[in-house]
Amino acid sequence: MELSKNKLIEIKSFIQKQAAEAGFQDTRVSNTETSGYFEKYQSWITNARHGEMSYLERNQNLRQYPDQLHPGTCRVISLRYNYLPRDAQFCTPLSDNNLANISRYALGRDYHKLIRKKLSRLCTQLVEHFKQDEQIDFRVFVDSAPVLESSFAEKSGIGWKGKHTLVINQDAGSWFFLSEIFINVPLAIDTPVENQCGSCNACIKLCPTQAIIAPNLVDATRCISYLTIENKQAIPVALRKKLGNRIYGCDDCQLACPWNRFSQITQDADFQPREKLDNISLLALWQWSEEEFSEKLQGNPIRRIGYQSWLRNLAVAIGNSNFHQDKIFALESKKNVANDMVVEHINWAINNLKTNSHEKSTTSQKTLKLINCIKNMLPRDA
Ligand code: SF4
Ligand code: SF4
């Protein structure tokens, strides 16, 4: 596409301004080159670190060459959107194993639709505004296609990939969603920032399951986020106790990260906790029927895992909590609605509770260290 330098500057400014108005905190541009990043990704797949996420093996050409995924693409626009809710109660569920510990991004509404809607509106405004010039073409992505999302965010300078593999922004930590616009306009590209992890390895040390097997290398098959969300099978017995009360995702590597003392609170009401998910007992959630699960989690990302995975995760968490006879009764009571895989987890939980009945579960050393880390980090308003 032939456009003057001034026109390209004008288009980029327009996109950044509209994105800021839509609530995005950062909008930066990179080219479509994936060399270096793609090879690392392939090696991760070849070494089977992705578990059963077979969709990650497919469409490698599209992942490597963005212009094959959307013809004409010559730039990738990466956008950042904060999601950390106000009063995020980090320490409460870490200190009390009777409470559910849910990843902070999943406390409110599902971000996929919300962010996609914002991006689509932004692009429509863009095309409308510049319709006299050239044919602007685009496609938006929110965690929905073979896109090397964090690599483009790093290339664009939104941040650097931490040793836990998430992108860290030096002014905002890592509590944000990423999304992309593929576009056929040769906008000026932005410069990457320096990796500032330095000699820190707090995330590696405090990961409950030792899933960060080397700097910038996560074995998804050990990662609690994978085990409780993507994984449809049984949770490996050897890892069940390490899950503690984490029933959907895990935030520990982010909680350990000193850069999150700069994290920003979202101003978006859609990402504030619903159904008291930030401070609710495991037993209260266990009592939900399948209908209640679907109804109460309407529009929440947790609903995507389905009721059986929900019960599986809760059974493990209840099995890891303090003993109470009521928990045994409650666990038994769900066997008639659980599938065979979940019944096995219920039996494991009952057995675990009984085995530990003589002693009160104590908070692990790792978790105590994590709580100390968190107390030193006070997120500020955006
Ligand atoms: S999400 Fe949890 S389990 Fe996964 S790498 Fe981070 S700390 Fe480890
Ligand atoms: S905890 Fe330390 S090593 Fe891990 S991502 Fe943060 S700064 Fe990097």
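The values are calculated or read from the model by the stated rules, or taken from the named source; none is laboratory data. These numbers come from a predicted model, not from an experiment. Don't worry about glycine lacking a Cβ; one is built from the backbone with ideal geometry, like all the others, and counts go over all protein chains shown. We work out accessible area using only protein heavy atoms, side chains counted, and drop any ligands, DNA or RNA first. Shrake-Rupley method; radii C 1.70, N 1.55, O 1.52, S 1.80 Å.
Annotation: cysteines of the chain without a disulfide-compatible partner (Cβ-Cβ under 4.7 angstrom) are C74, C91, C123, C197, C200, C207, C223, C250, C257, C373. Normalised by the number of residues in the chain, the mean separation of alpha-carbon contacts (under 8 Å, six or more apart) gives a relative contact order of 22 percent.
Tally up the carbon and sulfur contribution to the accessible surface of region 1-157 as a whole percent, 1.4 Å probe, everything protein left in place. C and S fraction of accessible area: 45 percent. Sequentially through region 254-271, phi angles give Karplus couplings (6.51, -1.76, 1.60; θ = phi - 60°) of 6, 5, 6, 7, x, 5, 6, 5, 9, 5, 10, 7, 6, 9, 8, 4, 5, 9 Hz, Gly and Pro residues having no value and appearing as x. Electrostatic bookkeeping for N320 treats Lys and Arg as +1 and Asp and Glu as -1; over the other residues with beta carbon under 10 Å from its beta carbon, the sum is +4. In terms of distances greater than 23 angstrom between alpha carbons, the cross-link table entries K296/K375; K161/K242; K161/K205; K205/K375 yield K296/K375; K161/K242. Computed over protein heavy atoms with a 1.4 Å probe, the accessible surface of region 202-381 works out to 46 Å² per residue. Atom-type composition of the exposed protein surface of region 202-381 places 52 percent of the accessible area on carbon and sulfur (1.4 angstrom probe).
Only helices enter this figure: runs of n ≥ 4 DSSP H residues, each worth -39500 (n - 2.57), summed and divided by the residues of the chain, yield -11000 deg cm²/dmol at 222 nm to the nearest 500. Across region 202-381, the mean sequence separation of Cα contacts (distance under 8 Å, 6 or more residues apart), normalised by length, yields a relative contact order of 28 percent. Of C373, C207, the order by accessible heavy-atom surface (1.4 Å probe, DNA, RNA and ligands excluded), from most exposed downward, is C373, C207. Counted residue by residue at 0.36 nm each, then reduced by the alpha carbon distance between them, the extension gain from N47 to R121 reaches 22.7 nm.
What separates the Cα centres of region 308-330 and region 45-98 is a distance of 30 Å.
Of the GluC sites (Glu not before Pro) found in region 128-220, those that fall in a DSSP loop while having at most 10 other beta-carbon atoms within 10 Å are E194. Our summary gives region 177-223 a relative contact order of 20 percent, counting only alpha carbon pairs under 8 angstrom and 6 or more residues apart. Couplings 3J(HN,Hα) of region 64-74, computed from phi: 6, 10, x, 6, 8, 6, 9, x, x, 5, 10 Hz, in residue order, whole Hz [Karplus 6.51 cos²θ - 1.76 cosθ + 1.60, θ = phi - 60°; x for Gly and Pro]. For the pair E128 and K232, the difference between a 0.36 nm per residue extended length and the Cα-Cα distance amounts to 33.1 nm. Qualifying trypsin sites (Lys or Arg not before Pro) in region 16-89, where qualification requires a DSSP coil assignment and no more than 11 other C-beta atoms within 10 Å, comprise R58. So which trypsin sites (Lys or Arg not before Pro) in region 241-290 are both in a DSSP loop and have at most 14 other Cβ atoms within 10 Å of their Cβ? Qualifying residues, ordered by number: K276.
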